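These notes are about the structure you will find just below.
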Amino acid sequence: AVHQIECSSRCNLRCPYCTSPAIVAGKYPSRRALDMTRAHFERALEWVRFYARQGTQRELNLAGIGESTMHPDWVNLVRLAREALPDGTLIFATNGLIHDEEMVRAIAPYKPEVWVSLHRPEKAGRAVEMYKKYGILAGASVDPSISANDWAGQVQWFNSGDRIQCQWLRQGKVFVLADGRISRCCLDASGNGVIGHVDD
């Protein structure tokens, strides 16, 4: 299955526990901060449809290392994803900082399950309330505080969560990076774990 599609590897925050600032700063030679092209997104969705027909694609996450809602065509990407997976779970996480009610109202008919990460609670609280209003808030995430990890050794950060085998690797799921390459690891900020491309 396709576990995640990273619609954007850009981010509007520079959290020290995240690999996103390194991507934005160009520190990983094989990764850039960019928005996924419509062609790569549609090709990734072809794989989603293929695995849905096989019965192995039941969920799709539209988040990656960046802030996917920064993609300039975000609402249409959510719509296309729902069309590709009409009966499955559509989910994404966001820091909620750039959302307005028009955008939340526009994606609500596609029934995504939205997790708001509380990076900036004084600002994200507004997004939480909007997602609640439209009935698509799945919850709020405080993982950096209660289940911190060191992003597969790519950042110097403490580990407070239990060490477990990656469920995505165990279940044969992949992560589509914003440039269309495919990795087996959703924490692959460096791009070193790439195993293919959506066009392969």
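The values are calculated or read from the model by the stated rules, or taken from the named source; none is laboratory data. Worth saying up front: this structure is predicted, and the values here are computed from it rather than measured. As a convention, Cβ positions derive from the backbone with ideal geometry for all residues, glycine included, and neighbour counts pool all protein chains shown. Surface accessibility is based on the protein's heavy atoms, side chains included, excluding ligands, DNA and RNA. Shrake-Rupley method; radii C 1.70, N 1.55, O 1.52, S 1.80 Å.
Observations, loosely collected:
- ASP143 of a type in the set (Asp, Glu), within 20 Å of the chain's Cα centre (by Cα) and open to solvent by 40 Å² or more (accessible area, probe 1.4 Å): yes
- The residue that is surrounded by the most Cβ atoms within 10 Å (Cβ to Cβ), counting only those in segment 146-187 that are farther than 23 Å from ARG58 by Cβ and among the hydrophobic types (A, V, I, L, M, F, W, C), is ALA178.
- Condition check for THR89: open to solvent by 40 Å² or more (accessible area, probe 1.4 Å), within 16 Å of the chain's Cα centre (by Cα) and hydroxyl-bearing (Ser, Thr, Tyr): yes
- Flag if VAL114 is touching a residue at least 40 places away in the same chain (Cβ under 8 Å) and closer than 21 Å to SER20 by Cα: no
- Some residue of segment 43-51 being assigned to a loop (DSSP other than H, G, I, E, B), in contact (Cβ under 8 Å) with a residue 24 or more places away in the chain and either out of contact with any Ser or Thr (no Cβ under 6 Å at 6 or more places or on another chain) or surrounded by 19 or more Cβ atoms within 10 Å (Cβ to Cβ) (or both): no
- Scanning segment 101-139 for residues that are open to solvent by less than 50 Å² (accessible area, probe 1.4 Å) and touching a strand residue (DSSP E or B) at 6+ places or on another chain (Cβ under 7 Å) turns up PRO112, VAL114, VAL116, SER117, ALA124, ALA127, VAL128, TYR131, ILE136, ALA138, GLY139.
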